[in-house]
Amino acid sequence: MTERSTLAGGATLAITGSGGSGAVTAGLILLAAVGRAGDYGLLGRSAGPQIRGGESAAMLRFGPQPIECMGDRFDLLVGLDWENVARFADELPLDRNSLILTDAQAEPIPEILLRSGAQVRSLPWKALADAETEGRVNMVALGMVGAMLGLPLDALESGARATLGGKGGRVLTPSLDCIRSGYAAADAASVPPSAFAPPVARWNISGNEAAGLGAVRGGVRFVAAYPITPASEVLEWLAPRLELLGGSLLQAEDELASINMIIGSSFGGVPSLTATSGPGLSLMVEGLGLAVASETPVVVVNVQRGGPSTGIPTKSEQSDLNIALYGLHGDAPHLVLAALGIRDCIDTVEWAVGLAEHLQTVAIVLSDQILGQSRAIIDPPGDRAFGAGERAHLHRLIAQDADPDHRRYRPMSDGVSPMALPGLPGGMYTAEGLEHGPGGAPSSRAIDHAEQLEKRLHKLTGFDYGPGWAEIRGEGDHLLLTWGSSAGPVFEAAERLRASGVPTRAIALRLLAPLQREALLEAIGSAGSILVVEQNQTAQCFAYLHSQQALPRHARSYARPGPLPLRPAEIMRALTDRDGREEI
Amino acid sequence: MDAANIAPTLRAKDYKSDVAPVWCPGCGHFAVLSAVTKALAHLRLAKERVAMISGIGCSSRLPAYVDAYGFHGIHGRALPIASGLKAARPDLTVIVAGGDGDGFSIGGNHFLHACRRNMDLTYIVMDNEVYGMTKGQASPTTQPDWAKSKLTPHGTGMRPFLPTAIALAAGASFIARGFAGDPTGLTKLLVEAIEHPGFAFLQVLSPCQTFRPEQKEWKHLVHPSDMAPTDDPVEAARFIQADDGMALGLLYVRRLPVWQPQNQPTATPADLEREFAL
């Protein structure tokens, strides 16, 4: 049950190198070139916690279908040098069918890689680079690998221009020379050329950029935040662009300030968002409770990393589900969503902004490092990928007229009361984190507490979220159930199981709270085997679904912590091995 | 100030809401509330263009008592809420009210950075050197030998926080001290603070009758500042360090760049999407 590994029609490769070797730059150019040649692609990167100049690996998979996960293994390992590669070895699964490319003058290949049985080819990268003015080994290797993969030279050159153009001719010109030199020297006949489709209108975007774009598409015009890995790119993308849109980003002194700043801006009527990662979310939960109680819409994009505490900041995990669901004190109903892929970061964040605004509440969107810091070639998003038809009314209900009887927290049939914005005569009220009566005056009376609790819960549970709550693919008696970024490997596992004769359905949850229990139970139906897949140690989603009585008793859990990404093959094994019914 | 913010003549009582204060009889905060409404009336500010923001504590109840927009938030976070509001809505007059615990202990870091950021906010700290709402614990401004709290029966043993000195060091552009027992002087300082472009910090000595009855003596201890307001931070620092903490008036004022966002859109999200196209 190994993954298809022919290079024709797609391939998986890793480029590794120590600080300054340009592994990631080569990967970025290759991704851009693959997109220009008409394929889809996914570029992940792995780095240690060093600030500058440490080792890094770029991992690229491409092919004629949208790429949603990195797969099981690598066809090609391009080693620009071998310093510290051992740190990545367990992230770079190779086998006998893999090919390691190395420079003829480089150090011997480390034993830890050779143990895989992969074949090795030594190539004259350094010699070719030395023959060029300001020659660069990574660019020579890139040209050669591009030729071996069957990429057109003009796609590589165009990819290099798009990636390096900002650095000026002093970088671009010698890079292009080296790419051409490597390309010309490649023994192209050694590898079957890929059949690339003609170029089409696609995007090259990272998950963190996609989250930022989803925010501004949803109407966000104010962001306050404190930098944290791996969420900072969301903020770096937004800062200059919000200004172009007439909004602004404020770098706060800490996460406590961030969340309260966006509560203030949202109180003023501007859709607002912050982005953070686990430790930052911990600091924000007090403020999130204030937003719930005061019915102030805010969105938090939490780009999860390995936890607890500062954990593994540069690598991925899905272990913040519990804090997102349960972190707030008191009965504090709020929305929890999870993006199912890089492209889905756009739609999920946009949807979250609309829902938070419409329901005047908190939405936490769970992304993670593997989504946030990977880039992909994607089809551009539609006007709205899901929740179609809902968009028209997904905005804040704002009180329009001066009304001397305006009562901010008056219970309404759907729980959503019109919100007066500062500037509206006659709408004056004090937003309140203390329990309050309908007019906003603090109250410790049981009847006010009961009424306001009910209002805040009912407006979320009574809303029709439409079809966006999950993505469901395939048919079959076997069911893989997952959430967030695990969707990519789960979808591929289900597809490969179906192809091998095991009818398998996949359900990926996008809206985790409020859980769409009835819809989920209906989607689960009478599935014979059910496996809940997630990337954390304690099966947080599995436990949550059971607590909501949303899972049959025979459902099983496959939960594994990060930082190693979930692979389709391990999910297939987990479904079938213990199931004992099928031989794959 | 924005012309749209000017109201037809309103009297101070028109700015009072119909919510009854929870404060103890004789609390200094009543005088602060009165000074706020008088200052708003003096400036003829339209009620709907004023936002009163607070955290938690006795003094933080103030927004509910003013007929304007308000946000009663959580402990220590009034300044971030106000900063976010002002960044999003620079057209509003944003006034922040709180106490010494809220502002200098749990919210201390926000205080430092609000001084640095110099947004156009007015920050009134009603300082009574005690936590009143939780029934009488030491605050950052409490003297080290005050041993009446069950939490610190031997006193705090720590030197008190010096609000004006710290505001100056952190870069505040307007620093003043008022007294609840001097309503006329307090109203005048509030008017100046609201009119000041930038972060205006106003420490108000506001006695707590319940937990610090000895503060009744403050009316004999306060005195007008004997220094004219300066824009020289070195001179101001010298004065503030030598001050007995009871000098009233405007101590320091300086025109510094005010943080405010530019708000003219020149693009749409669809324009931004082009950068991703291959």
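So what are the three principal axis dimensions of region B:145-188 from its Cα atoms, in whole Å, longest to shortest?
Each principal axis gives a Cα extent; for region B:145-188 these are 39, 28, 12 Å.
Which ³J(HN,Hα) values, rounded to whole Hz and listed in residue order, are derived for region B:99-105 from phi using the Karplus coefficients 6.51, -1.76 and 1.60 in 6.51 cos²θ - 1.76 cosθ + 1.60 with θ = phi - 60°, glycine and proline given as x?
Calculated HN-Hα couplings, in order: x, 5, x, 4, x, 10, 9 Hz.
Compute the Cα gyration tensor for region A:228-362, then decide on rounded, prolate or oblate, letting a ≥ b ≥ c be the square roots of its eigenvalues: rounded whenever a/c is under 1.5, prolate when a/b is larger than b/c in the other cases, and oblate in all that remain. If you can, show how the numbers build up before the last one.
On the way: a/c = 1.37, a/b = 1.10, b/c = 1.25.
The shape class here is rounded.
Measuring from label point to label point, each 7 Å out along Cα→Cβ, what is the A:Val200 to B:Asp91 span in nm?
4.6
Non-local amide H neighbours of A:Val298 (under 5 Å, H modeled in plane, Pro and chain starts lacking H): which ones?
A:Thr361, A:Val362, A:Ala363
Would you mind calculating the gained length between A:His546 and A:Asp331 on full extension (0.36 nm times residue separation, minus the Cα-Cα distance), in nm to one decimal? List each step's numbers first, then the result.
On the way: separation 215, 0.36 × 215 = 77.40 nm, distance 1.97 nm.
The span from A:His546 to A:Asp331 would gain 75.4 nm if fully extended.
Separation between the B:Lys150 and B:Arg274 pseudo-spin-labels, each 7 Å from Cα along Cα→Cβ, expressed in nm?
Reported label-point gap for B:Lys150 and B:Arg274 is 6.9 nm.
Please list the three semi-axes, largest first and in whole Å, of the ellipsoid equivalent to region B:1-122, using sqrt of 5 times the eigenvalues of its alpha carbon gyration tensor.
Semi-axes (√(5λ), whole Å): 22, 20, 10.
Which residues among region A:123-153 fall inside the zone where the amide N is under 14 Å from a point 7 Å beyond the Cα of A:Arg170, along Cα→Cβ?
Under 14 Å, as judged by backbone N against the label point of A:Arg170, lie A:134 of region A:123-153.
Does region A:205-264 classify as rounded, prolate or oblate by the C-alpha gyration tensor (a ≥ b ≥ c root eigenvalues; a/c under 1.5 gives rounded; else a/b over b/c gives prolate, otherwise oblate)? Show your work: numbers first, answer last.
On the way: a/c = 1.88, a/b = 1.21, b/c = 1.55.
Oblate, because a/c is 1.5 or more while a/b does not exceed b/c.
Just to be sure I follow: if Rg is taken over the C-alpha atoms of chain B and Rh is the Kirkwood radius over the same atoms, what is Rg/Rh?
Working: Rg = 19.4 Å, Rh = 19.3 Å.
Here Rg/Rh amounts to 1.01.
Separation between the A:Leu114 and A:Asp577 pseudo-spin-labels, each 7 Å from Cα along Cα→Cβ, expressed in nm?
Rounded to a tenth, the inter-label distance reads 3.0 nm.
Can you give the FRET efficiency for B:Ala165 and A:Leu153, using 1/(1 + (r/R0)^6), R0 = 56 Å, r = Cβ-Cβ distance, to the nearest 0.05?
0.25
How big is D, in µm² s⁻¹, for region B:120-236 by Stokes-Einstein at 10 °C and 1.306 mPa s if Rh is the Kirkwood radius over C-alpha pairs? Let's see the in-between values first.
On the way: Rh = 15.5 Å.
In µm²/s, the coefficient rounds to 103.
What accessible area per residue comes out for the protein assembly as shown, rounded to a whole number of Å², with a 1.4 Å probe? Show your work: numbers first, answer last.
On the way: 32160 Å² over 862 residues.
So the protein assembly as shown comes to 37 Å² accessible per residue, rounded to a whole number.
Which Rg and Dmax, in Å, describe the Cα atoms of the protein assembly as shown?
Calculated on Cα positions, Rg and Dmax stand at 30.7, 98 Å.
Sequence gap at least 6, Cα distance under 8 Å: using those rules, report the relative contact order of chain A to the nearest whole percent.
Numbers: 1337 pairs, mean separation 71.6, N = 584.
Rounded, it is 12 percent for chain A.
The values are calculated or read from the model by the stated rules, or taken from the named source; none is laboratory data. Only a predicted model underlies this, so the values are computations on that prediction, with no experimental measurement involved. In this analysis, Cβ positions are derived from the backbone assuming ideal geometry, glycine residues included, and neighbour counts consider all displayed protein chains. The accessibility values were calculated without ligands, DNA or RNA, using every heavy atom of the protein model including side chains. Shrake-Rupley method; radii C 1.70, N 1.55, O 1.52, S 1.80 Å.
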